[in-house]
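Peer 1: Pasting in a structure now, in structure tokens, and then I'll have a few things to ask.
The values are calculated or read from the model by the stated rules, or taken from the named source; none is laboratory data. Quantities reported herein were computed from a predicted structural model and do not represent experimental measurements. So basically every Cβ, Gly included, is an ideal-geometry build from the backbone, and we count neighbours across all protein chains shown.
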Amino acid sequence: MLKLGVPSKGRLQADTFAWFAERGIRLERTGDGREYAGRVKGVDGVELVLLSAGEIPRELAAGRIHLGVTGLDLVAEYLSAADGVTEVARMGFGHADLIVAVPKMWIDVDTMDDLDAAASAFRQVHGHRLRVATKYHRLVRTFFRDQGVADYQLVDSQGATEGTVKNRTAEAVADITSTGSTLEANHLKVLRDGMILASQATLFAADRRRWSTEEAETFTKLERSIARS
Ligand SMILES: Nc1ncnc2c1ncn2[C@@H]1O[C@H](COP(=O)(O)OP(=O)(O)OP(=O)(O)O)[C@@H](O)[C@H]1O
Ligand SMILES: O=P(O)(O)OC[C@H]1O[C@H](OP(=O)(O)OP(=O)(O)O)[C@H](O)[C@@H]1O
């Protein structure tokens, strides 16, 4: 069986189901709606696996699922080329930007260069490095390095990241934004050149060299349905 991992709940799941339905493939939840089980109609040999979006990259890398729907941001953060996971299709929903934001009241800080200067000054005044809260450690480190910003430290935040500034556990954040309302509500502004990655929901395939002939054939059929739309 070709295992297809999709988000277990919410908007991402609803949009994923609609995307496949438009391509003649019906994904359905089974059980009472709270049970994490489902099935696939319209193409034989595919099994539906409901998973947290955040776990899908790891499951793809391990080869426990053959296909998976999750955000580009999560695959970029958690996987590398060596994992052999490839894009099959960008799905056109779940758009979100990973950005760097600072308090609005920092009127002198609008760019990454400004942040670099502010970070050096911050260290002199406070005796410790400016803290950037995020769950995207790898992407943020790479971006800051490429932008020549070194005088900072990352603090891990797995949720409610925009609240860390108010709670005084960080001075800046690097997080996903979609409508911008969470940033606005927390008095934060995006740096002009602080865009790290533009993400959207994407269908990924695990390393195909590890698939059986049957699994590869089922995938070819599925790919045809996807391409037809
Ligand atoms: N406000 C948003 N608008 C659009 N997409 C978003 C938004 N927030 C997060 N996403 C995207 O949704 C995907 C899943 O995000 P996240 O890891 O936060 O999952 P989650 O909803 O917390 O699910 P789980 O708790 O089951 O892991 C990511 O790829 C992310 O880019
Ligand atoms: O720009 P907006 O439309 O306001 O969306 C952005 C928010 O959405 C996500 O959080 P989510 O609701 O997934 O909760 P989390 O803080 O637990 O990650 C993200 O982490 C932002 O906080």
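Peer 1: Looking at region 72-85, which of its residues are touching a helix residue (DSSP H, G or I) at 6+ places or on another chain (Cβ under 8 Å) and outside any loop (DSSP other than H, G, I, E, B)?
Peer 2: Asp73, Leu74, Val75, Ala76, Glu77, Tyr78, Asp83
Peer 1: Out of Ala170, Ala150, Ala160, which single residue is assigned by TED's automatic domain parsing to the domain that holds Gly127, exposed (fewer than 12 other Cβ atoms within 10 Å of the Cβ) and not in a helix (DSSP H, G or I)?
Peer 2: Matching residue, one of Ala170, Ala150, Ala160: Ala150.
Peer 1: Could you check Ala121 against (1) away from ligand 1 (no atom under 16 Å from the Cβ); (2) touching a strand residue (DSSP E or B) at 6+ places or on another chain (Cβ under 7 Å) and say which number it fails?
Peer 2: It is condition (2) that Ala121 fails.
Peer 1: If you go through region 74-112, how many residues are crowded, with 17+ Cβ neighbours inside 10 Å, farther than 27 Å from Gly63 by Cβ and away from ligand 1 (no atom under 11 Å from the Cβ)?
Peer 2: Residues flagged as crowded, with 17+ Cβ neighbours inside 10 Å, farther than 27 Å from Gly63 by Cβ and away from ligand 1 (no atom under 11 Å from the Cβ) within region 74-112 amount to 6.
Peer 1: Keeping to region 51-78, report how many residues are of a type in the set (A, V, I, L, M) and over 11 Å from the mean Cα position of the chain (by Cα).
Peer 2: 6
Peer 1: Take the residues in region 183-192 that are surrounded by 18 or more Cβ atoms within 10 Å (Cβ to Cβ) and of a type outside the set (D, E, K, R); name whichever of them is nearest to Arg141 (Cα to Cα).
Peer 2: Among those that are surrounded by 18 or more Cβ atoms within 10 Å (Cβ to Cβ) and of a type outside the set (D, E, K, R), it is Leu191.
Peer 1: Take Thr164 and tell me if it is near ligand 2 (Cβ under 8 Å from one of its atoms) and among the β-branched types (Val, Ile, Thr).
Peer 2: The answer is no for Thr164.
Peer 1: Exactly one condition in (1) in contact (Cβ under 8 Å) with a residue 40 or more places away in the chain; (2) hydrophobic (A, V, I, L, M, F, W, C); (3) crowded, with 19+ Cβ neighbours inside 10 Å; (4) over 25 Å from Gln13 (Cα atoms) is not met by Trp211; state its number.
Peer 2: Unmet condition: (3).
Peer 1: Answer yes or no as to whether Thr202 is farther than 20 Å from Met105 by Cβ and within 16 Å of ligand 1 (Cβ to nearest atom).
Peer 2: For Thr202, the condition - farther than 20 Å from Met105 by Cβ and within 16 Å of ligand 1 (Cβ to nearest atom) - is met.
Peer 1: Given the structure, is His66 at pLDDT 95 or above and either among the charged types (D, E, K, R) or outside the structural domain of Phe17 (by TED's automatic domain parsing) (or both)?
Peer 2: So His66 fails the test.
Peer 1: Across region 24-56, what is the total count of residues that are surrounded by fewer than 17 Cβ atoms within 10 Å (Cβ to Cβ), within 16 Å of Leu222 (Cα to Cα) and in contact with a helix residue (DSSP H, G or I) (Cβ under 9 Å, 6 or more places away or on another chain)?
Peer 2: 5
Peer 1: Here's something else I'd like to know. Looking at (1) in contact (Cβ under 8 Å) with a residue 60 or more places away in the chain; (2) buried (at least 16 other Cβ atoms within 10 Å of the Cβ); (3) in contact with a helix residue (DSSP H, G or I) (Cβ under 9 Å, 6 or more places away or on another chain); (4) in a helix (DSSP H, G or I), find the lone condition where Arg138 falls short.
Peer 2: For Arg138, the failing item is (2).
Peer 1: Being in contact with an Asp or Glu (Cβ under 9 Å, 6 or more places away or on another chain) and under 20 Å from Val190 (Cα atoms): is that true of Leu115 here?
Peer 2: no
Peer 1: Okay, moving on. Given the conditions (1) in a loop (DSSP other than H, G, I, E, B); (2) not assigned by TED's automatic domain parsing to the domain that holds Ala172, report the number of the one that Val109 does not fulfil.
Peer 2: (2)
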